[in-house]
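Asker: Provided herewith is a single structure, encoded as structure tokens, for subsequent inquiry.
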Amino acid sequence: MTTVYPSIKKISGNNIASPIGFKAAGLHCGIKHKKNDLALLVSDVPANAAGVYTTNAVQAAPLKVTKEALAVDKKMQAIIVNSGNANACTGKQGYVDAQTMQHLTADLLNIEPHLVGVASTGVIGEKLPMDRLKYGIPKLEPVAGLKGSIDFSQSILTTDTVSKNTAYKVDIDGKTVTVAGTAKGSGMIHPNMATMLGFISTDAAIESDHLHSALKSVVDRSFNSITVDGDTSTNDMVLVMANGLAENETLSPSHPDWKVFVQTLLHVCEDLGKMIAKDGEGATKLIEVEVNGAKNDEEARKIAKTVVGSPLVKTAAFGCDANWGRILAAVGYSGMTIDPNEVEILIGTTPVVRGGEPLPFSEDELTEYLKQPEIKLKVNVNQGDGKGLAWGCDLTYDYVQINASYRT
């Protein structure tokens, strides 16, 4: 499904500060009881930037402040993030508080406020404890290397069980370009952008408008192709900063390595998206759905996301039940172009439906397959050449328990 470019290499010990000229930090300032809750990502120079945001009509104050900042000159040099409090549905005071975070960070770094993006995640409807943020922000000390990146990635988490990091390097114009990313997200995941925060750093030279078009195209095939529970958050976004310090020739769609760069960006976003889906609240396994033969790629992605988002498919996966009828039903209500008599379904590599009719298979073998931490479902609808992928997780008892007591 993914184009392979041999020049793209995954970096071991990946971290958000891997690209040239980036530093990161994280600490505990007291929003949470014990865990880190304040993070900062900084570029040595103002970077061309782009963002993609939640589609929820209720949007938190940090999103508004970040959008306004980017609108000034499409540049960003720092991103300040707090976890434990979403600063959402907090009225005029919430907007003022987000701006205060922005200005405190600008003062710390001696840069213009509009070069600072703001992000928050956590409980909705509670005002930020600004005394703790006013204490914590001046104490942030961004550093290059792994330590600062680990602190950053841990400080942005809410109900996540693990931090999520990835990085790749690629040769462009004889220069090594690095693209790295960190994300958080575990519940309320049903993007177009939804509940997750994603931060991407790169030392590539690329103008903001082209960076935005690249980001939008890969987000549709990565973050927008995951679902945990069908809920879309008020806060979340993906932001990317490109500071140009790799000194490659400026990338654009006419550059011979444009597709390679976009593919590298896709690798980062796809890795992070899959990590989020795998870390769904209470999840025990990652589910990948591959759809082939759809009318077009967009329809294929929609079918795949419908299947992986089906509560009945998710609970069948949790119960290790090879219930192909639930998969076929989800394909049918996806609203896309299908003919039930043409549908083929595989669980792992085992065909279970062909021509819309069941095939004999070993229940015991598929039960064992479905016990794995990562499972794959394949659907061929035989209506065209469209291909698409989506990722999600199973729906468990623990998901209910976590969300029943989220505020306590």
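Asker: Please give the length that would be gained between Leu146 and Lys259 if that part of the chain were fully extended, namely 0.36 nm times their separation in residues minus their C-alpha to C-alpha distance (nm, one decimal).
Answerer: Between Leu146 and Lys259, full extension yields 37.8 nm more.
Asker: Please provide three numbers in whole Å: the alpha-carbon extents of segment 10-121 along the principal axes, with the largest listed first.
Answerer: For segment 10-121, the Cα extents along the three principal axes come out at 41, 38, 30 Å.
Asker: Hey, rough spin-label estimate for Lys387 and Ile11, points 7 angstrom out along Cα→Cβ, what's it come to in nanometres?
Answerer: Those two pseudo-labels are separated by 2.9 nm.
Asker: Quick check on packing: order 59-72, 132-145, 301-314 by the mean number of other C-beta atoms within 10 Å, highest mean leading.
Answerer: 301-314, 59-72, 132-145
Asker: If you project the alpha carbons of segment 253-321 onto their three principal axes, what span does each projection cover, largest first, in Å?
Answerer: Taking max minus min along each principal axis of the Cα atoms, segment 253-321 gives 49, 29, 14 Å.
Asker: So, by mean Cβ neighbours within 10 angstrom, what's the order for 149-157, 244-252, 217-225 with the highest one leading?
Answerer: Values: 149-157: 25.7, 244-252: 18.1, 217-225: 22.1.
Going from most to least packed, we get 149-157, 217-225, 244-252.
Asker: How much area per residue is accessible in segment 56-149 when the probe is 1.4 Å and only protein heavy atoms are counted (Å²)?
Answerer: 44 Å²
Asker: Another question about this same structure. Suppose R0 equals 25 Å. What FRET efficiency, 1/(1 + (r/R0)^6) with r the Cβ-Cβ distance, do Met130 and Glu68 give to the nearest 0.05?
Answerer: 0.80
Asker: Let me ask something additional. Calculate for the chain the 222 nm mean residue ellipticity that helices alone would give, adding -39,500 (n - 2.57) per DSSP H run of length 4 or more and normalising by residue count, nearest 500 deg cm²/dmol. Working shown, then result.
Answerer: Values: 11 runs with 128 residues, N = 408.
Helix contribution divided over all residues of the chain: -9500 deg cm²/dmol.
Asker: Express the relative contact order of the chain as a whole percentage, based on alpha carbon pairs under 8 Å and six or more residues apart in sequence.
Answerer: Values: 1088 pairs, mean separation 72.7, N = 408.
Rounded, it is 18 percent for the chain.
Asker: Figure the gain on full extension for Val4 and Gln93 (residue separation times 0.36 nm, minus the Cα-Cα span) and round it to one decimal in nm.
Answerer: Working: separation 89, 0.36 × 89 = 32.04 nm, distance 4.87 nm.
Going from the current span to full extension adds 27.2 nm.
Asker: Output the pairs from Lys35/Lys134; Lys67/Lys139; Lys147/Lys285; Lys184/Lys274; Lys74/Lys305; Lys164/Lys371 with a Cα-Cα distance over 21 Å in this structure; if there are none, say none.
Answerer: Distance filter (> 21 Å) returns Lys67/Lys139; Lys147/Lys285; Lys74/Lys305; Lys164/Lys371.
Asker: Would you mind telling me the antiparallel percentage of the DSSP bridges in the chain, rounded to 5? Mind showing how you got there, number by number?
Answerer: Numbers: 54 of 78 bridges.
In the chain, approximately 70 percent of DSSP beta bridges are antiparallel ones.
Asker: Need one number: nm distance between label points at Thr349 and Thr367, each 7 Å from Cα along Cα→Cβ, rounded to one decimal.
Answerer: Result for the modelled spin labels: 2.3 nm.
Asker: Okay, next question. How much net charge surrounds Val177 when only other residues with a Cβ under 10 Å from its Cβ are counted (Lys, Arg +1; Asp, Glu -1)?
Answerer: Neighbourhood net charge equals -3.
Asker: If packing is taken as the average number of other Cβ atoms within 10 Å across a peptide's residues, how do 5-11, 16-22 rank, most packed first?
Answerer: Values: 5-11: 13.1, 16-22: 24.4.
Put in order of decreasing packing, that is 16-22, 5-11.
Asker: Right, next: Please state the Cα pair-distance histogram of segment 94-171 with 5 angstrom bins from zero: what percent is in each bin?
Answerer: 3, 12, 19, 22, 21, 15, 6, 2, 1, 0
Asker: Report the rotationally averaged projected area of the chain based on its alpha-carbon convex hull, in square nanometres.
Answerer: Averaging across all directions leaves 19.1 nm² for the Cα convex hull.
Asker: Could you work out how much longer the chain between Glu247 and Thr284 gets when fully extended? Use 0.36 nm per residue separation minus the Cα distance between them, nm to one decimal.
Answerer: Values: separation 37, 0.36 × 37 = 13.32 nm, distance 4.34 nm.
Here the answer is 9.0 nm.
Asker: Out of all DSSP beta bridges in segment 29-151, what portion is antiparallel? Express it as a percent rounded to 5.
Answerer: 50 percent
Asker: Between 0 and 90 degrees, rounded to the nearest ten: what's the tilt of helix 91-109 against the longest Cα principal axis of the chain?
Answerer: 60 degrees
Asker: What does the charge count near Phe152 come to, summing +1 for each Lys or Arg and -1 for each Asp or Glu among other residues with Cβ under 13 Å from its Cβ?
Answerer: Numbers: positive: Lys23, Lys147, Lys164, Lys184; negative: Asp37, Glu141, Asp151.
Value of the local net charge: +1.
Asker: Further question on the same structure: So the label point goes 7 Å from the Cα of Glu112 along Cα→C-beta, right? Which residues of segment 74-94 then have their backbone N under 20 Å from it?
Answerer: 74-80
The values are calculated or read from the model by the stated rules, or taken from the named source; none is laboratory data. Just so it is clear, the model here is predicted, and its values are computed rather than measured. FYI the Cβ positions are ideal-geometry reconstructions off the backbone, even for glycines, and counts take in every protein chain you see. Accessible surface is based on the protein model in full, side chains and every heavy atom, while ligands, DNA and RNA are left aside. Shrake-Rupley method; radii C 1.70, N 1.55, O 1.52, S 1.80 Å.
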